[in-house]
1. For the stretch 289-306, enumerate the residues that are within 19 Å of the chain's Cα centre (by Cα) and part of a loop (DSSP other than H, G, I, E, B).
2. Considering every residue within the stretch 173-184, establish whether at least one is over 15 Å from the mean Cα position of the chain (by Cα) and within 22 Å of G288 (Cα to Cα).
3. Could you list, in sequence order, the residues of the stretch 50-93 that are within 15 Å of the ligand (Cβ to nearest atom) and either over 30 Å from R114 (Cβ atoms) or among the aliphatic types (A, V, I, L, M) (or both)?
4. Given the conditions (1) touching a Gly at 6+ places or on another chain (Cβ under 7 Å); (2) at negative phi, which single one is not true for L120?
5. Does L194 satisfy being more than 16 Å from the ligand (Cβ to nearest atom), touching a residue at least 40 places away in the same chain (Cβ under 8 Å) and over 21 Å from H292 (Cα atoms)?
6. Please go through the stretch 200-212 and give me each residue that is away from the ligand (no atom under 12 Å from the Cβ) and surrounded by fewer than 24 Cβ atoms within 10 Å (Cβ to Cβ), ordered by number.
7. Against the condition farther than 21 Å from A186 by Cβ, aliphatic (A, V, I, L, M) and in the same structural domain as H230 (by TED's automatic domain parsing), how does A56 come out, does it pass?
8. Might you check whether a residue that is within 16 Å of the ligand (Cβ to nearest atom), under 19 Å from A186 (Cβ atoms), in a strand (DSSP E or B) and in contact with a Cys (Cβ under 7 Å, 6 or more places away or on another chain) occurs anywhere in the stretch 133-152?
Amino acid sequence: MSKNWRPATQLVHGGTTRSQHGETSEAIFLTQGFVYDTSEAAEARFKGETEGFIYARYGSPTNDMFEKRMCMLEGAEDARATASGMAAVTAAILCQLKAGDHIVAARALFGSCRWVVETLAPKYGIECTLVDGRDLANWEKAIQKNTKVFFLESPTNPTLEVIDIAGVAKLANQIGAKVVVDNVFATPLFQKPLELGAHIVVYSATKHIDGQGRCLGGVVLSDKDWINEHLHDYFRHTGPAMSPFNAWTLLKGIETLPLRVRQQTETARRVADFLAEQPEVAKVIYPGRKDHPQADIIAKQMTGGSTLVAFELKGGKDAAFALQNALKIARISNNLGDSKSLITHPATTTHKNLTDEAREELGISAGTVRFSAGIEDSDDIVEDFARALKSVKA
Ligand SMILES: *Cc1c(COP(=O)(O)O)cnc(C)c1O
């Protein structure tokens, strides 16, 4: 195993350990526990004097391969695989905070992430200030004496705005706070938050990492010291561990991540360019297009575009529904990063619980649509959009 391997190589071989059978594909160790040859061996394992597993809630061989492979890809020292993306986010935030602490978070967050910081954390005496994360001055203004964590997602869901991760990290370092980045939309291939100065990265592995719509999963990555001090015990005792079966599924998924993301990005870019020319479309937001409002930050911190496109139809909700209903290949679904193209109308689905005002703040209008490109032939996808748009009146 070499740290210098490029991602496509790391993702096929990284972290692999083989049993005495020398299997080609990673094995699933679907076991809750582990046995010890002697009482002395059990004692030594529990004291931490010998390496090895103790109980699947703490760690297990298939999960360990997945965690190591993710560490290689991310350039992180250590990781914990969780049962879902939300288990990863919740663990990453709560494990390091106590009553009296304060979070500053960008308000453009995945719905459940926003609930964790806005509703759950305050129940335990952890305050949160939500800011428009696009402007660094807003982060600075929100800092309090007790600010311990900055939390953000970039690009954001669903409007694909970006946040200057290095800029936020610089502010956090001045006050000794930690930056947690939810890197789902960028994927680990196009953005490396740790290199940009963030301290902790979280993923919903449910998205591009599985990429084939099968299982939930998540992962928290950071340096060894932070994991040992904050996450290690929290993870062991609160039990958000990933199922070994899902760890195996995700290991197989991650082998093809670069191939899938490359194809999805090419299709998304073609769809964005096509939509930008259509009279029914008011606006297209696509990281990688020159007209993205924050193209300068994208050039600084991302090495690729996006597998998602956000766009606004002039005809509002009726037009959005008509387009979605007319598409034959893209399926209507709130998921993303799948090998199947998916499309969603945020105002009536993922963001329906926000007030009209909160949606407006996030740039979500009645005509906003989010498209997640799959791995189908991009000619078919663009042709499908061209045909379906005919049922939409400008
Ligand atoms: C899906 C998603 C999550 C939550 O992940 P689950 O695996 O569904 O729990 C968190 N953040 C972002 C940005 C997501 O897209």
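The values are calculated or read from the model by the stated rules, or taken from the named source; none is laboratory data. In this text, all values refer to a predicted model and were calculated from it rather than measured experimentally. Every residue, glycine as well, gets a Cβ built from its backbone with ideal geometry; the counts of neighbours run over all protein chains shown.
1. The answer is M302, T303, G304, G305, S306.
2. Within the stretch 173-184, none of the residues are over 15 Å from the mean Cα position of the chain (by Cα) and within 22 Å of G288 (Cα to Cα).
3. M70, A81, A83, M86, A87, A88, V89, A91, A92, I93 - these are the residues of the stretch 50-93 that are within 15 Å of the ligand (Cβ to nearest atom) and either over 30 Å from R114 (Cβ atoms) or among the aliphatic types (A, V, I, L, M) (or both).
4. (1)
5. Answer is yes for this residue.
6. Q212
7. Yes; evaluated as a whole, the condition is true for this residue.
8. no
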